[in-house]
1. Please specify each residue of region A:69-86 satisfying the condition of being without any contact (Cβ under 8 Å) to a residue 40 or more places away in the chain and either in a helix (DSSP H, G or I) or not assigned by TED's automatic domain parsing to the domain that holds A:Ile6 (or both).
2. Just checking, which of A:Gln73, A:Gln105 is surrounded by fewer than 20 Cβ atoms within 10 Å (Cβ to Cβ) and within 15 Å of ligand 1 (Cβ to nearest atom)?
3. Which residues, taken from region A:179-194, are in a helix (DSSP H, G or I) and within 12 Å of another protein chain (Cβ to nearest Cβ)?
4. Within region A:162-178, how many residues are more than 9 Å from chain B (Cβ to nearest Cβ) and closer than 20 Å to A:Gly492 by Cβ?
5. Restricted to region A:128-139, and to residues that are touching a Gly at 6+ places or on another chain (Cβ under 9 Å) and not charged (D, E, K, R), which residue is farthest from ligand 1 (Cβ to nearest atom)?
6. Which condition number in (1) of a type in the set (Gly, Ala, Ser); (2) modelled with pLDDT of 90 or more; (3) surrounded by fewer than 19 Cβ atoms within 10 Å (Cβ to Cβ) is the one that B:Ser62 fails?
7. Would it be correct to say that A:Val121 is more than 28 Å from the chain's Cα centre (by Cα), without any contact (Cβ under 8 Å) to a residue 40 or more places away in the chain and either within 16 Å of ligand 4 (Cβ to nearest atom) or open to solvent by 50 Å² or more (accessible area, probe 1.4 Å) (or both)?
8. Give the residues of region B:124-163 that are over 13 Å from B:Gly105 (Cβ atoms) and open to solvent by 60 Å² or more (accessible area, probe 1.4 Å), sorted by residue number.
Amino acid sequence: MVHVTINNEAITVPAGTTILEAAKQVGVKIPTLCHLEGQTPIGACRVCLVEVEGARTLSASCATPVAEGMVIQTHSRRARAARKMAVELLLSEHDGECQTCNRNQDCELQTLANEMSIQFVRYPGARARPILDQSTPGLVRDNSKCIKCRRCVTVCNSIQAVGALFPQGRGFDTVIGPAFTLDLDEVACVQCGQCAAVCPVGAISERDHTAGVWAALDDPQKYVVVQTAPAIRAALGECFDNEPGTLVTGKMVTALRRMGFNRVFDTNFAADLTIMEEGTELLTRLKRALVGKEEVALPMFTSCSPGWIKFAEYYHPDFLENLSTCKSPQQMFGAVAKTYYASKIGVRPEDMVVVSIMPCTAKKFECQRPEMNDSGVFDVDFALTTRELGKMIQEAGIDFNSLPDGKMDSILGMSSGAADIFANTGGVMEAALRTAYEIVTGRELPLENLHVKPLAGLEGIKLAALRIEDTLPAWEFLDGVELKVAVAHGLGNANRLIHAIKDGRQEVHFVEIMTCPGGCIGGGGQPRFTNDEVRQKRIQAIYAEDEGKQLRKSHENVEIQKVYEEFFGQPLSERSHHLLHTHYKQRELTKKK
Amino acid sequence: MERSTHACACAGCSEQNEEQMLAQLDDILTDYVNKPGGLIPAMQTCQKMFGYLPKPVLKRISERFGKSYSEVAGVTSFYSFFSTVPRGKHMVRVCLGTACYVRGGKEVLRAIKKELAIDVGETTADRNFSLDVGRCFGACGLAPVIMVDDDVHQRVKPAKIGAILRLYADSEATPAEAELAK
Ligand code: SF4
Ligand code: SF4
Ligand code: SF4
Ligand code: FES
């Protein structure tokens, strides 16, 4: 333990604690920009400078560990002046059109300038070269706003193991972006949007698709249905100053209805549908391997997360057979809405507009994949992020926090608790096990509260094994089998797990991969700022939603049963094959000219 | 067979095509891939081999090293000794150190740009000249200074640029002729 004094307060902290962390413990807030919790500090922005007694120069508090007897002044005149200067220099290079910037009121640079009472910029400087990159469906890069803090570089390289972004060039001319300042679509970007989630300013953001949605809502010829992903209900409240982890399912439904959507449905419905298809697919693969002694691609990987799919298409083309052929819940929903539901209500698929609210920027990419048009038109027309929906609600003049609770419409609106937990890491696996175990044994998953404990939480890679005993006659081949499952979230973790599997170090039957740290609740389209504390709170909210449901297992969902009865017949039927399943293709890492 | 568009600097293979080039590259890279810190030396070797770092070469380097293309490009563009455009037969470097700068280095640079019709970092269409700037060639007393390949030209005046460059224009200038022009 180390004894230090911060602004005349004595405090004892473990060795290795940074000045920034120690200050937080005595209630002192030091501004930061380049700092990213849990990552190696790079000390690039100098916005966190503090005065350490006896030191000749000011210290970057994010990168300086405390030392025994240190006396620190965080807000001395000298420290404040230096920090102000650091921000002023950033502003002098910055294209500061706040009013028309998508980060207006949600911008760390703007907030800092305000907190430091910067009224004018003393050093008018050369502006960064503007590069507007609108090459991808999910993201927009606006280099004139970039302050070169490199948070996006850290996330894209260290957490996501993609490396689409990297500093190009040197000195003032440095551009943070893809190779040789090419556009993002020329390199291997998976569209996860984690860069947009950590960018402190308006330099990387989701592609705004709200205009198209407004137009559809205002068009009387269009029948507009909306689906909301499981992770939205635990985060949308944050757009309206609620604590992270506030569940707002009912208010969200009411808001959507008041905005004019013809039907308010639930991606959760499609999550239950996914479990029916994917669970059956897994059992079929196991049967072919164990009984038919066929060469079957195992382990099977989940396929709900479009960033992960694109990642596999780039980096693990030899594993594409192992991906479940199931479409993601977003796409299953679109396909069902524009076929089954459209014909049920007598609307032509061309006249139906399906809007999804997603925690995710990769969903914008996914719904534009050319093969996602099994209804004859694009199955999903617009994917909006949680943040975009927040802005639309605001623009619609809806006072969100005072709304009464609403209920999802039938028939694509009902869901089980198993669907809720699709929102967090470990959830899809748990949902699948709840159903698969019961199909095979005829008994409920014998775990407390139906939770697979080793798969919960924020550990990067999680493993569990489940012994199957006393099966129903049809599943005798699984009797005594120990089903091994693995879960990874964040593509860096996924990559590590896959290499372990490829090298034979990890034997496993079924793997859940989610692109974003924490799963969808930590998606690239969620309200900012998402750190581990926020992730935990959202996950707790999701489990609460699950436990509050009467139905906890996908196969118990009576609307799912009805759709199978009326339309699909059974899982993996020919019709479900056509509408609910898909295929993947290898992608080149760089565009070949 | 498809002709390479690259000016290859290595002896005797000016007509090598891209496939051969990349095959050769793979052999070379194998020596570096498993060495810690092998990326930059590998890139230096490639630059020597090709005279510059063509994009297909950088893509192959990124694949072999398991590093993203953006990272390899970032490293390339960080170090001034790497070039992604072919270098001309002759490298013209203009000193913009303090002494040269105040004594007309900037005007000299402008004259060279005009004469060769290229910008800094570029190569003339006939691949004869590349243009670069430098900081202090250690001849401050004789500023402004330019270097063409290994020849130092001192007290250069913008008006003399044409004559100096013509010495190299056919790439046949003898050292003695170059000496005369100094
Ligand atoms: S990034 Fe922030 S400071 Fe810059 S224009 Fe946008 S809101 Fe203003
Ligand atoms: S979307 Fe993901 S993969 Fe693409 S640049 Fe951003 S962090 Fe990297
Ligand atoms: S794009 Fe955003 S996160 Fe990346 S360096 Fe620029 S300001 Fe920082
Ligand atoms: S936050 Fe400490 S240097 Fe940027």
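The values are calculated or read from the model by the stated rules, or taken from the named source; none is laboratory data. Remember, predicted model here, so these are calculated numbers, not experimental data. All Cβ positions, glycine included, derive from the backbone under ideal geometry; neighbour counts span all protein chains shown. Only protein heavy atoms, including side chains, enter the accessible area calculation; ligands, DNA and RNA are left aside. Shrake-Rupley method; radii C 1.70, N 1.55, O 1.52, S 1.80 Å.
1. Once the filter is applied, which keeps residues that are without any contact (Cβ under 8 Å) to a residue 40 or more places away in the chain and either in a helix (DSSP H, G or I) or not assigned by TED's automatic domain parsing to the domain that holds A:Ile6 (or both), region A:69-86 yields A:Arg77, A:Arg78, A:Ala79, A:Arg80, A:Ala81, A:Ala82, A:Lys84, A:Met85.
2. Only one candidate passes the filter, namely A:Gln105.
3. A:Ala179, A:Phe180, A:Thr181, A:Leu184, A:Glu186
4. Here the count works out to 1.
5. Restricting to residues being touching a Gly at 6+ places or on another chain (Cβ under 9 Å) and not charged (D, E, K, R), the top hit is A:Gly138.
6. The single condition B:Ser62 does not satisfy is (3).
7. yes
8. Answer for region B:124-163, where residues must be over 13 Å from B:Gly105 (Cβ atoms) and open to solvent by 60 Å² or more (accessible area, probe 1.4 Å): B:Ala125, B:Asp126, B:Arg127, B:Gly138, B:Asp150, B:Ala159, B:Lys160.
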